[in-house]
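Have a look at the structure below, then the notes.
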Amino acid sequence: MTELLFILSHPPGASVYAQEAFDAALAGSAFSNIAILFVGAGCLQLIQPKLAVEAHQRKDFQRGFKALPDYDVHDVYGCEDSFNQFGLHNQVLVIEPTLLTQPDIAALLKRAQRVLCF
C-alpha cells in the first residue's frame, strides 16, 4: 500500500518545484513507501536532458531518477493522457514510468494515505 504519493506537475527548468519534488521524494523514501506520479507538464521531466547543466543554470537532478530503485522507489507512474498530449512516446526518457489511465490514477489517489503535489 502506498503511504505517500508525490504528484509532479511542473516542467523542469521553469521553477524549483521539479527539483524540490524530487528531493522530497528521496527524503520521504527513508520513512515511508512512496509512489511518484508525473502528470501534465511534469511528464517533461522524464525527457533525457539535452542541454549542459551550465546552459540552464539548474542542477541536473533528472539523472537521479535512475537511482530511484536504490531508494526503494519502484512505483513510478506517468499519466497516459499527458504522454499523448506532449508526444512523449517517441522521446528518449531518463526512466520509463508505468502509464496510467484516468481511472487508474483515481484508484492510485484513493489508495494513498497522503498526497503531496509539486
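The values are calculated or read from the model by the stated rules, or taken from the named source; none is laboratory data. Not measured: the values here are computed from a predicted model. Heads up, the Cβs are rebuilt from the backbone with ideal geometry, glycines too, and the neighbour counts pull from every protein chain shown. We work out accessible area using only protein heavy atoms, side chains counted, and drop any ligands, DNA or RNA first. Shrake-Rupley method; radii C 1.70, N 1.55, O 1.52, S 1.80 Å.
Note on the chain: with neighbouring protein chains present and a 1.4 Å probe, carbon and sulfur make up 53 percent of its accessible heavy-atom surface. Ellipticity at 222 nm from helices only: DSSP H runs of n ≥ 4 in the chain, each -39500 (n - 2.57), divided by the residue count, give -8000 deg cm²/dmol. For the pair ALA30 and ASP75, the difference between a 0.36 nm per residue extended length and the Cα-Cα distance amounts to 14.7 nm. In the chain, a dipole from Cβ-located charges (positive for Lys and Arg, negative for Asp and Glu) runs towards its positive end, and of LEU88, GLN48, ALA18 it is ALA18 whose Cα lies farthest in that direction. In the full protein context, the chain carries 56 Å² of accessible surface per residue, based on a 1.4 Å probe and ignoring ligands, DNA and RNA. If the chain linking GLN48 and CYS117 were pulled fully straight, counting 0.36 nm for each residue of separation and taking away their Cα-Cα distance, it would gain 22.6 nm.
Rounded to a whole number, what is D in µm²/s for the chain from Stokes-Einstein with the Kirkwood radius over alpha-carbon pairs (37 °C, 0.692 mPa s)?
Diffusion coefficient, whole number: 230 µm²/s.
For LEU37, nonlocal amide neighbours, meaning residues 5 or more places apart or on other chains whose placed amide H falls under 5 Å from its own, are PHE6, ILE7, LEU8, TYR77. Maximal additional length on extending the SER15-GLN102 stretch stands at 28.7 nm, based on 0.36 nm per residue less the C-alpha distance.
Out of all DSSP beta bridges with both ends in the chain, state the antiparallel percent to the nearest 5. Walk me through the numbers on the way to the answer.
Values: 1 of 17 bridges.
Counting DSSP beta bridges with both partners in the chain, the antiparallel share is about 5 percent.
Centre-to-centre, using Cα atoms only, the stretch 61-102 and the stretch 1-50 are separated by 10 Å.
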